[in-house]
Amino acid sequence: MVHGILVNMAFGLVAGPLFTLLQGQGRGGLALRIFVGWTAATWALVLGVWHYQLSAVAWAYSAVTAPVVLWLIGWAGRHLGRSLWGAYVGPLAAGLAAWAMVLLGTPGPLARAGLAMVVYVAALAAIEGRRPLEDLRAWVAALR
């Protein structure tokens, strides 16, 4: 079940800034239509699989969330006049590497979480070079 809802959570994190863009561009009505369609599709799919297992419900949430967010990334790229797909390659690859470490079954949930974080940071640094460190410095400076 955790792996099913994990996909939903990851895509949900990507959705937040995209909905902020929609609302910031004065497209609150479009955002609302997407939310209503997203919710209706999620409930329809969940009600269709609820009698199987709880993990089926988790995967149903993810099965609806992923295409909605992928569409939003495409829409935002077209709206901004440049593709956003490249911005997601590094974090996605690093996330998959971290998830693979979790799936390998390191003993204990805290050990898996710690190893996943180390693998994510290392993979992201290997893929994107100094950019994650520069982002971290910018966040710390913004907090001051």
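Derivation of every value follows stated rules applied to the coordinates shown; laboratory data play no part. Being a predicted model, the structure only gives us computed values, none of them experimental. Positions of Cβ are backbone-derived with ideal geometry, glycine not excepted, and every protein chain shown enters the neighbour counts.
Here are some notes:
- Residue with peak Gaussian network fluctuation, the chain [Cα springs, cutoff 10 Å], from Leu133, Leu30, Leu54: Leu133
- What separates the Cα centres of segment 88-140 and segment 1-53 is a distance of 24 Å.
- Placing unit charges on the Cβ atoms of the charged side chains and taking the dipole of the chain about its Cα centre, the candidate lying farthest along the positive direction among Ala31, His79, Ala15 is His79.
- Diffusion coefficient (Stokes-Einstein, Kirkwood radius over C-alpha pairs, 37 °C, 0.692 mPa s) for segment 1-82: 247 µm²/s, rounded to a whole number.
- By the combined test of axial Cα extent (at least 24 Å) and Kyte-Doolittle hydropathy (mean at least -1.0), the qualifying DSSP H helices of the chain come to 2-24, 28-49, 54-80, 85-103, 109-128.
- Inter-label distance, nm, simple model (7 Å from Cα along the C-beta direction), Leu92/Leu110: 3.5
- Segment 22-107: chymotrypsin sites (Phe, Trp or Tyr not before Pro) falling in loop per DSSP and having at most 10 other Cβ within 10 Å: none
- Distant-in-sequence amide H partners of Gln25 (H built 1.01 Å from N, under 5 Å): none
- Helical contribution to [θ] at 222 nm, DSSP H n ≥ 4, -39,500 (n - 2.57), averaged over the chain, rounded to 500: -30000 deg cm²/dmol
- For segment 84-144, the dipole from Cβ point charges (+1 on Lys and Arg, -1 on Asp and Glu) about the Cα centre works out to 120 debye, to the nearest 20.
- Diffusion of the chain by Stokes-Einstein, at 37 °C in a medium of 0.692 mPa s and with Rh set to the Kirkwood radius over alpha-carbon pairs, works out to 190 µm²/s.
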